[in-house]
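The numbers here are math on the coordinates, done by the rules we state, and not lab data. What you see is a predicted model, and the numbers here were worked out from it, not measured in a lab. Ideal geometry is used to build each Cβ from the backbone, glycine not excepted, and the neighbour counts take in all protein chains shown.
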């Protein structure tokens, strides 16, 4: 009986461990607001900070994938205090938060991700985003441009419409996130990466419309790959790369046995108006399709 009890405990532990390592139904691991050490100058000021001096927000994209920018403030006070920064944005644009507030030790920085949504009826042009503390205001211009005018760096898939065979509903896995220009897995389950809804059922597909016929000869795929969820255990293993040529899908490349966070597929150039990933297997026991980004060149 003692041996049976021990065996049952071992099974329970193994089951719990496996469940804890399933990255699909788990909510985002990163918190929305982070406090980190900085450098205090003893001025007593709260200084607004932003990750860029300008934000480009595409017009007419899926609202599930808004433009993003990191914002925050630095405390140069000599002692700990509550710090507050107001976030203002010109209409009809909207921001995911109107305020950033926290108790800050001296010399520390407060940071958060800000999402900027552009409604379909917005006009292209420059809008204002202002980060205000009691001591200073930081202005970050927001340039709203049509997708066709984006500087895509040669990536024909950037911000283009995405359709998927399914979408997991346990967290935020929008298909449009595979074409938002963010290759990092750090935002997994928080809007950066697609997870299908049919575990252990294949194939899964995700397609990106290119807007018009374009010459394509390369597709790069980035799958889930972090220290906690490495690609060799949780990433996509087998898939076909397809191009839509004259209304017909053609397989132009195949990837088998992948264990890396990203894989590049080169092929004979074709003129296509869409590219598609046909997922066939993942490396994990849960067998979901997990894709962070797809680029077409």
Of everything in the range 66-91 that's more than 26 Å from the chain's Cα centre (by Cα) and in a loop (DSSP other than H, G, I, E, B), which residue is nearest to residue 140 (Cα to Cα)?
-> 76
Of these, 289, 226, which one is within 21 Å of the chain's Cα centre (by Cα) and over 22 Å from residue 158 (Cα atoms)?
-> 226
Counting only strands (runs of 3 or more DSSP E) wholly inside the range 234-297, the ones holding at least 3 residues that are touching a residue at least 12 places away in the same chain (Cβ under 8 Å), in contact with a helix residue (DSSP H, G or I) (Cβ under 9 Å, 6 or more places away or on another chain) and surrounded by 17 or more Cβ atoms within 10 Å (Cβ to Cβ) are 290-296
Checking residue 191 against (1) surrounded by fewer than 19 Cβ atoms within 10 Å (Cβ to Cβ); (2) under 16 Å from residue 70 (Cα atoms); (3) touching a helix residue (DSSP H, G or I) at 6+ places or on another chain (Cβ under 7 Å), the condition it does not meet | (1)
Determine if the range 202-218 includes at least one residue that is over 14 Å from residue 271 (Cβ atoms), in a loop (DSSP other than H, G, I, E, B) and more than 17 Å from the chain's Cα centre (by Cα).
-> yes
Quickly run through the range 161-181 and pick out the residues that are in contact (Cβ under 8 Å) with a residue 40 or more places away in the chain, part of a loop (DSSP other than H, G, I, E, B) and closer than 20 Å to residue 274 by Cα.
-> 161, 165, 174, 180, 181
Residue list for the range 119-138, restricted to those being free of Cβ contacts under 8 Å to residues at least 24 places away in the same chain and either surrounded by 15 or more Cβ atoms within 10 Å (Cβ to Cβ) or not in a strand (DSSP E or B) (or both) = 123
